[in-house]
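What follows is a single structure, written as structure tokens, with notes after it.
Only the coordinates and a few stated rules stand behind these numbers; no lab work does. Keep in mind it's a predicted model, so treat the numbers as computed, not measured. We place every Cβ from the backbone using ideal geometry, glycine too, and count neighbours over all the protein chains shown.
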DNA sequence: TATTGTTATACTCTATAACTATA
DNA sequence: TATAGTTATAGAGTATAACAATA
């Protein structure tokens with residue numbers, strides 16, 4: 001009779017020949033860094049950086065977001081949002097509009113120029129998913145996407 | 001009779017009520033940012049930042065690594081490695097040793113003080129995996145870990 | 001009193017280029 | 001010529017604190 005292969009350790013210190021730390025948090029930090037670097041490079045021809053792109057996407061999806069919402073959703077400090085929206089507004093890609101209910105808040109809304117810019121840049125961002133995830137097949141990507149969604153919502 | 005729930009779209013533009021873009025690259029960037037922020041906060045009492053911690057871990061696992069190896073494995077620019085190793089050396093946590101074969105390279109080796117510091121800090125880093133991944137059960141974490149490993153190796 | 005947006009500041013990180021010493 | 005390490009520098013990102021307007 002054949003002895004069953006030993007159960008793999010659920011959290012081995014080193015895995016699969018990867019020489020670095022294999023803790024999930026480390027791997028996430030590393031993968032995230034890769035993404036930002038690549039994304040910045042891909043977006044450069046379109047005059048956007050990853051953070052500006054995120055804000056532009058998010059403001060475009062809804063009719064308008066308060067800067068506070070953008071800050072919370074994107075995990076960027078409110079003062080960082082101000083700087084990013086300043087940049088985008090200077091280029092005419094978003095407008096700050098007065099909010100009806102609360103005169104403290106200012107709604108960030110995407111302009112037509114912003115939507116055009118987004119349409120130009122989007123393929124570059126989608127291409128990133130392709131090149132970065134080349135090691136994974138479609139079902140694996142979907143699994144990864146769902147797991148990450150649950151992490152990021154928090 | 002109950003109608004079966006509709007099959008979920010394998011790659012919907014928006015998913016599960018999450019307000020942001022649900023592209024994997026975006027989610028990775030976001031999760032990675034969270035990790036680095038949390039990790040830096042957890043490590044602060046131990047006088048380490050996430051990059052210093054990574055280098056310390058990596059140098060401790062083996063008998064010594066060239067700075068070039070550290071640079072490639074951690075995805076940090078060689079000039080960044082110099083700065084980090086300078087910091088660690090100043091605190092006596094690592095030493096730079098001459099390499100036998102190649103007099104250009106310098107091996108980064110962890111000192112006893114470095115190993116002690118690592119032992120102090122490690123629980124904080126492991127705690128991160130716990131708090132950050134609270135939404136996922138053990139098998140899910142293992143799936144995520146393996147997928148990320150394949151992404152990061154590249 | 002608490003919150004939204006804003007400004008200011010210091011520090012860390014990233015990206016590049018140039019330089020040196022060795023190979 | 002090419003590679004390992006180093007230095008210098010500019011720009012981007014992060015973290016904090018303080019402030020004015022408004023709730």
Report summary line: Per the rotation taking chain A to chain B, min distance Cβ-to-axis on chain A (residue, whole Å) equals A:32, 1
Query raised in the report: Given a cut-off of under 8 Å on Cα pairs at least six residues apart, what relative contact order in percent is computed for the stretch B:26-153?
Result: 25
Report task. Shortest first and in nm with one decimal, please list how far the residue B:134 label point sits from its counterparts in the other copies (point 7 Å along Cα→Cβ). Result -> 3.9
Requested in this report: On a C-alpha basis, how far is the centre of the stretch A:86-142 from the centre of the stretch B:62-79 in Å? Whole number, if you could?
Outcome: 35
**Report entry** Between helix A:24-43 and chain A: long-axis angle, C-alpha atoms, 0 to 90°, nearest 10
**Finding:** 50
Report task. In nm to one decimal, list the spacings between the residue A:101 label point and its equivalents in the other copies, with label points set 7 Å along Cα to Cβ, shortest first. Result -> 6.7
Query raised in the report: With axes computed from alpha carbons, what is the tilt in degrees of helix A:50-61 against the longest principal axis of chain A, rounded to the nearest 10 within 0 to 90?
Result: 70
Requested in this report: Shortest first and in nm with one decimal, please list how far the residue A:89 label point sits from its counterparts in the other copies (point 7 Å along Cα→Cβ).
Outcome: 4.8
Report task. Report, in degrees rounded to the nearest 10, the 0 to 90 angle that the Cα long axis of helix A:78-90 makes with the longest principal axis of chain A. Result -> 60
